[in-house]
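In what follows, a single structure is set out as structure tokens and then discussed.
The values are calculated or read from the model by the stated rules, or taken from the named source; none is laboratory data. Note that the structure is a prediction, hence the values are computed from the model and not measured. Backbone-built Cβ (ideal geometry, glycine too); neighbour counts: all protein chains shown. Note: accessible area is taken over every heavy atom of the protein model, side chains too, but ligands, DNA and RNA are not part of it. Shrake-Rupley method; radii C 1.70, N 1.55, O 1.52, S 1.80 Å.
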Amino acid sequence: FFTYDPRVGAAIWADWVRALPNLTWIRGQWPRQVLRQGDRVLGVRFDTLTVMAQMTIDATELGDLLALGDIPHRWGWEWQSQWQEPSAPTGPTPLTQTYPVQSPTWVVVMQDFGETLAPPIPPAAGGYDATQFQGAWAQHGPEKFINYGRLPGDRFMINWPIDGNDYGRGSERLLGSAAARQTFYRESYAHSQNFAHHIQHHLGRRYGLAPALFPVIPGSLRAAIPAGIADPHPAFALYPYFRESRRLCGLTTVTEAAILPTRAGWVAPLPHDATGQITSIAIGNYANDHHYPGWDFPLQPKSIRWGGRWTGTPFGVPYGSLIPDRVESLLVAEKNIAVSHIANGATRLQPCVLGIGQAAGMAAALCVERGCQPRDLAVRSLQNALLEDPIAPAAVIPLYNLPPDHPEWLTQQRYYLDHPDAYPDNGYAQVVDHTLPAAALRGSQPWRGTVQRLAAQAYAFHPDAWPQSVWSLVTLRPEVDRVLQDCSSPQPLMVIGRWNRSGNWLLAEGIAP
């Protein structure tokens, strides 16, 4: 429901760094050695400096510290016999042999130049095979395809899984020598360049590479980006998007059973320890999404319709999945948590990873303050710190009808931590529906029209201002969702919300009386 220019994200990060006088941001360094004393991590040696620390967090894209520190970890598939995951294969197949992990994507950003011809995008030096991309937008049409990753300023993020720029051939090279990794990076970059060339060739010269989007890395820092790209274009991300990395052998492993819905079908069971205490420290809610170009891989369903759209059943990430089984003074905070290959398809998504990162940072700070190891930190103290954070309070219990601005949000989060057996299978806390506060409507506007129910949790909105238009009507607000479920069809309605022109949907944030 939101996108932003990468430069905006970089500016926000820089603002955070400036606001924290005790934070030192060091660029242009690559981890070369994990320093250990027995089972304890002491710090990390980089290219030109060494950092000694009471706590170290591995938030690298591929779990690099796990390999450098000889910390037990996994890579690739597990068979069904290991965790009895229903979606796991029973043994090696052509798919598992072709793709040991999910395919990365080297994202490229294109731009609509309008009536001005965009500079031509040449094919990659290694050659261009149009048959690789010929079905890219066949199922959706060019307009929906190009708008899939629309950004401000008539720009488009190209991260397309259907005959697009996913690239996973020989991904085992990511764990090989530096030369092998660089070869993989060059191939992945060239694949995205060829896809951009294909788009321009078939959709016209109004589409070209976005200029000046990503910074040009100075020669002194380029060695820190192990991509092997001699002269990267500023429309290409600085690094591929990895969907899977080395995965920690932790105190707790997230398997498919932990992300699939209960019999009621609305939420997954909450993670808990042997005493029954809930151990969730972050929430994920994406579908189990796996990428293997050219292959369909069936997975147990965990998607539902809510708020007029498809979403995933929410689940909790257990604290033990961030803690190594036998190594001290280390936490993980990315796709490298203790998770199975199958369940990684749901835990790898950015909102979930952001929550994991916040929890890992909070846990590390509490361990330093209390002089304890992560395995000895009481999970309830971590949960309380996340819930009570003065800047960014973070939920640990999935509840559909309690957004963070609800007056009972904190009370109900604590209640279910204290009474885990009371957690409802439908994910709805027993509270009175809350009226949307006026402040949450900032940036929205009223839209008068007619709502039509197409199916359960599927709504069309016909705006009075454009009688021939039909928009999808969606919401993130539980009180709006309830109104939409109860309204007759068709029914005139005044919706307060934001219209997304590229996605052709109206995000409803309130219903006017």
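Looking at segment 14-59, which of its residues are basic (K, R) and either open to solvent by less than 70 Å² (accessible area, probe 1.4 Å) or under 15 Å from V327 (Cβ atoms) (or both)?
Across segment 14-59, the qualifying residues are R36, R40.
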Going through segment 259-279 one residue at a time, which ones are in contact with a Ser or Thr (Cβ under 9 Å, 6 or more places away or on another chain) and not β-branched (V, I, T)?
L260, P261, G265, W266, A268, P269, L270, P271, H272, D273
Go through (1) in contact with a helix residue (DSSP H, G or I) (Cβ under 9 Å, 6 or more places away or on another chain); (2) in contact (Cβ under 8 Å) with a residue 40 or more places away in the chain and name the single condition G312 misses.
(2)
For a quick check of your reading of the model, give me the residue pairs whose first member lies in segment 457-486 and is touching a residue at least 60 places away in the same chain (Cβ under 8 Å), whose second is in a helix (DSSP H, G or I), with beta-carbon atoms closer than 6 Å and at least 6 apart or on different chains.
Y459/L484; T475/D481
Pairs under 9 Å by beta carbon, first residue modelled with pLDDT under 90 in segment 1-28, partner of a type in the set (S, T, Y), six or more apart or different chains?
G28/T48; G28/S220
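Within segment 86-145, track down each residue that is among the aromatic types (F, W, Y) and more than 20 Å from L209 (Cβ to Cβ).
Y99
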Looking at segment 314-332, which of its residues are more than 20 Å from A257 (Cα to Cα) and open to solvent by 10 Å² or more (accessible area, probe 1.4 Å)?
D325, R326, E328
Looking at (1) modelled with pLDDT under 95; (2) open to solvent by less than 20 Å² (accessible area, probe 1.4 Å); (3) in a loop (DSSP other than H, G, I, E, B), which is the only condition A118 fails?
(1)
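Give the residues of segment 66-92 that are open to solvent by less than 50 Å² (accessible area, probe 1.4 Å) and more than 25 Å from G43 (Cβ to Cβ), sorted by residue number.
G76, W77, E78, E85, S87, A88, P89, G91
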Return the total of residues in segment 287-313 being open to solvent by less than 10 Å² (accessible area, probe 1.4 Å), hydroxyl-bearing (S, T, Y) and part of a strand (DSSP E or B).
0
Residues being hydroxyl-bearing (S, T, Y), over 24 Å from I57 (Cα atoms) and open to solvent by 40 Å² or more (accessible area, probe 1.4 Å): count how many of those fall in segment 233-277.
1
Being part of a helix (DSSP H, G or I) and more than 21 Å from Y292 (Cβ to Cβ) is the filter here; which residues of segment 170-179 pass it?
A178, A179
Taking the condition of being in contact (Cβ under 8 Å) with a residue 40 or more places away in the chain and closer than 30 Å to T131 by Cβ, how many residues in segment 255-305 meet it?
11
Considering segment 122-140, residues that are among the polar types (S, T, N, Q) and open to solvent by 60 Å² or more (accessible area, probe 1.4 Å), and then whichever is farthest from H202 (Cα to Cα), we arrive at Q139
Quick one: in segment 273-296, which of the residues that are at pLDDT below 95 and of a type in the set (F, W, Y) is farthest from Q97 (Cα to Cα)?
Y286
Among the residues of segment 164-177, are any open to solvent by 40 Å² or more (accessible area, probe 1.4 Å) and under 27 Å from R7 (Cα atoms)?
no
Within segment 270-302, residues being touching a strand residue (DSSP E or B) at 6+ places or on another chain (Cβ under 9 Å), more than 17 Å from E85 (Cα to Cα) and not charged (D, E, K, R) number 14
Could you tell me which of the residues G510, G503 is in a loop (DSSP other than H, G, I, E, B), touching a helix residue (DSSP H, G or I) at 6+ places or on another chain (Cβ under 7 Å), in contact (Cβ under 8 Å) with a residue 40 or more places away in the chain and not hydroxyl-bearing (S, T, Y)?
G503
For segment 141-156, name all the residues that are surrounded by 18 or more Cβ atoms within 10 Å (Cβ to Cβ) and either in a strand (DSSP E or B) or touching a residue at least 24 places away in the same chain (Cβ under 8 Å) (or both).
I146, L151, R155, F156
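Within the bounds of segment 198-209, is there any residue that is open to solvent by 70 Å² or more (accessible area, probe 1.4 Å) and under 25 Å from the mean Cα position of the chain (by Cα)?
no
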Of a type in the set (D, E, K, R), at pLDDT 95 or above, touching a strand residue (DSSP E or B) at 6+ places or on another chain (Cβ under 6 Å) and not in a loop (DSSP other than H, G, I, E, B) - does that describe any residue in segment 242-255?
yes
